[in-house]
Amino acid sequence: MLRRQFLKNSVLLSAAGIVGPAVASPTAMSLKSLAASAAPVMRRRFVLSQTYKLAAPQGSSGVVKLWIPLPVDTAFQQLLGLSFSGNYQQAYITTNNAYGAKTLFASWPESAGELLLQLDLEIETADWEPLKHDALKNWRAPETLVYPLDVKPYLLPTTHTPVDGVVRETAQKITGDEQDPLKKARLIYEWVSSHMERDNDVIGCGTGDVATILQSGKLSGKCTDMSSVFVALARASGIPARELFGIRLGKANKLERYSASAFGKADSAGVADVSGGQHCRAEFYLAGYGWLPCDPADVTKMRLAEKKSHQDPDVQAVNTYLFGNWEMNWVGFNYGRDFELYPATEQGAMNNFGYPYAEVDGDPLNFYDPKVFTYHYVSTEQR
């Protein structure tokens, strides 16, 4: 069996971290809270069509297995419809993993010939904007912080998001004597968005190896790197936090005024090739309220795309919006980090599950390159 080395230090090949029990029905914001928002909720619908044509890498042959991440249902997004077809031997949906990450698993008994799968997802989204709509006006930081059982795992370390050593030291420098968890989260967000830089040479979305990033002093990377730094620093500060791995679906209606390319785009008919549109965002939890969104990585992406300084008024406008708000021309798949998929992969624990993953007789296909690991994603907004 050929053992490929290219993924050894990638997002897949990491030892399992410390995680809690499976999260039952993870919901980023209660429907009641969303309904209480002062502004009307504008919803968008997309059909995300995924086409897979798999082929064995040179020197590999045998059983082919494919794992595809599917969207999680929350108050800001719902999977309305799902259909798939192909020449696989078996295919089924499972959530049998520590994070309950919804997965379409398919397999073929032999790698010879064309291995085909077509997947169509109908998705509805709603912009998630609690801070914009002043949802915290009646919230006060509790004297004693009590977290629900399904939130507590997001205080724990994983392999890529430790909470001790340089992470805890950095968090303490950022937050100082501040005790209010919302203010601490904002301090961490502001530090990440202003100190880190996007590096377009990083493969995929980055590995999110927080200790390595902070120890190196090279505060750069892509969305997983920045979201994971935020998450680890928040956890080290006693604030539950997590990454949500997903993909852009189309045009940004609200943030497009600041950058035509940084936040997602589509043609005049609402059609977008999103094969390389994977994007990781972050959430943090306030006791007495619930989950809140943020996205420091897109601040750095816009800053680089538009060649502007962090102090530029447009960058500051985006920076302000993306703490406590998300524009939902994007869909999230799962919160999984350093965990085992089901059925188990031969390569072991996944760093994260934002990309599809496939093995031929245990040899991984390079999911970072949709031309090598042949898949094509097209998103069409329904108008």
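Can you name the residue in the range 177-201 that is under 19 Å from the mean Cα position of the chain (by Cα) and over 23 Å from Pro293 (Cβ atoms) and is also least open to solvent (accessible area, probe 1.4 Å) among such residues?
Looking at the filtered set, the residue picked out is Asp199.
Quickly run through the range 328-377 and pick out the residues that are touching a Ser or Thr at 6+ places or on another chain (Cβ under 6 Å), closer than 22 Å to Gly250 by Cβ and open to solvent by less than 40 Å² (accessible area, probe 1.4 Å).
The answer is Met328, Pro370, Tyr377.
How many residues are without any contact (Cβ under 8 Å) to a residue 60 or more places away in the chain and open to solvent by less than 10 Å² (accessible area, probe 1.4 Å) when one looks only at the range 302-321?
Qualifying residue count for the region: 2.
Looking at (1) more than 28 Å from Leu156 (Cα to Cα); (2) modelled with pLDDT of 95 or more; (3) of a type outside the set (Phe, Trp, Tyr); (4) not in a strand (DSSP E or B), which is the only condition Val41 fails?
Only one criterion is unmet by Val41, namely (2).
Residues that are polar (S, T, N, Q): which strands (runs of 3 or more DSSP E) entirely in the range 323-362 hold 2 or more of them?
Correct list: 350-352.
Residue-wise test of (1) over 14 Å from the mean Cα position of the chain (by Cα); (2) at pLDDT below 95; (3) farther than 27 Å from Val372 by Cα; (4) not small (Gly, Ala, Ser).
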site: Cys205; (1), (2), (3), (4): no, no, no, yes
site: Gln215; (1), (2), (3), (4): yes, no, yes, yes
site: Val231; (1), (2), (3), (4): no, no, yes, yes
site: Ala252; (1), (2), (3), (4): yes, no, yes, no
site: Gly276; (1), (2), (3), (4): no, yes, no, no
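The values are calculated or read from the model by the stated rules, or taken from the named source; none is laboratory data. These numbers come from a predicted model, not from an experiment. Methodologically, a virtual Cβ is constructed for each residue, glycine included, from the backbone with ideal geometry; neighbour enumeration extends over all protein chains shown. Protein only, heavy atoms only, side chains kept; ligands, DNA and RNA dropped before computing areas. Shrake-Rupley method; radii C 1.70, N 1.55, O 1.52, S 1.80 Å.
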